[in-house]
1. Output yes when any residue across segment 106-115 is assigned to a helix (DSSP H, G or I) and either at pLDDT 85 or above or more than 30 Å from Arg14 (Cβ to Cβ) (or both), and no when none is.
2. Would you check which residues across segment 153-174 are touching a strand residue (DSSP E or B) at 6+ places or on another chain (Cβ under 7 Å) and touching a residue at least 40 places away in the same chain (Cβ under 8 Å) and list them?
3. Please count how many residues of segment 122-159 are within 21 Å of Glu56 (Cβ to Cβ) and among the aromatic types (Phe, Trp, Tyr).
4. Of everything in segment 129-162 that's closer than 30 Å to Gly96 by Cα and at pLDDT below 85, which residue is farthest from the chain's Cα centre (by Cα)?
5. What about Asp126, is it closer than 29 Å to Val11 by Cα, assigned to a helix (DSSP H, G or I) and modelled with pLDDT of 80 or more?
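The values are calculated or read from the model by the stated rules, or taken from the named source; none is laboratory data. Remember, it's a predicted structure, so these values are computed and weren't measured experimentally. In this analysis, Cβ positions are derived from the backbone assuming ideal geometry, glycine residues included, and neighbour counts consider all displayed protein chains.
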Amino acid sequence: MTDTTVEILGVGSRINHPAYGDGVIVRLNKAAYDVCFMTYGVKMVAKDYSKWEVIEALPAEATVTFTEAERSLMKILRTWNASNETVELGDKWDDGTMVLQPKDPSYKPKEIPIDTFFHKIVMVRDRLRVMEQRINSSKLTDEEKVNLQQYITRIYGSLTTFNVLFKYKEDHFKGSKS
């Protein structure tokens, strides 16, 4: 069966190109798409190109407002973990050091700059968010998604100990509410 009809993808549609990898359509032109690829930047790809895999197709609309485009781009960047969200360390920890003191005094303590440790905690949180997004967009059944989400919620709960490091409450880890 040969179908010559070409589905027009909308801004925000996610694709996987055989040469450029994962990308997102950021603009529609008359005969081509502007696609933003994580590694290669924005490339123009013909609308009738058929060798890519469409991961998530969004409908093409006649007009897209700047706000809609911005919202789509933020969703895309979060999904592909390219958005470097600014998370601030609490002021009282600036230039601080974390010291791990062994019980046995014959061993030397380990000192770690607190901002290095904080950065690693933020990276764990960011990777958990990406995992959560990937689970939600996967082809798993709803029951499987819920089961995996429960584990992620418990992980967040375990990490609430580190909330003391964050400057702003909205950056805190949140586990399940009892």
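1. Looking for residues that are assigned to a helix (DSSP H, G or I) and either at pLDDT 85 or above or more than 30 Å from Arg14 (Cβ to Cβ) (or both), one finds at least one in segment 106-115, hence yes.
2. Our first condition is that a residue be touching a strand residue (DSSP E or B) at 6+ places or on another chain (Cβ under 7 Å); within segment 153-174, this holds for 165, 167, 172.
Residues satisfying the conditions are Leu165, Lys167.
3. Final tally of qualifying residues: 0.
4. Arg129
5. Values: closer than 29 Å to Val11 by Cα: yes; assigned to a helix (DSSP H, G or I): yes; modelled with pLDDT of 80 or more: yes.
For Asp126, the condition - closer than 29 Å to Val11 by Cα, assigned to a helix (DSSP H, G or I) and modelled with pLDDT of 80 or more - is met.
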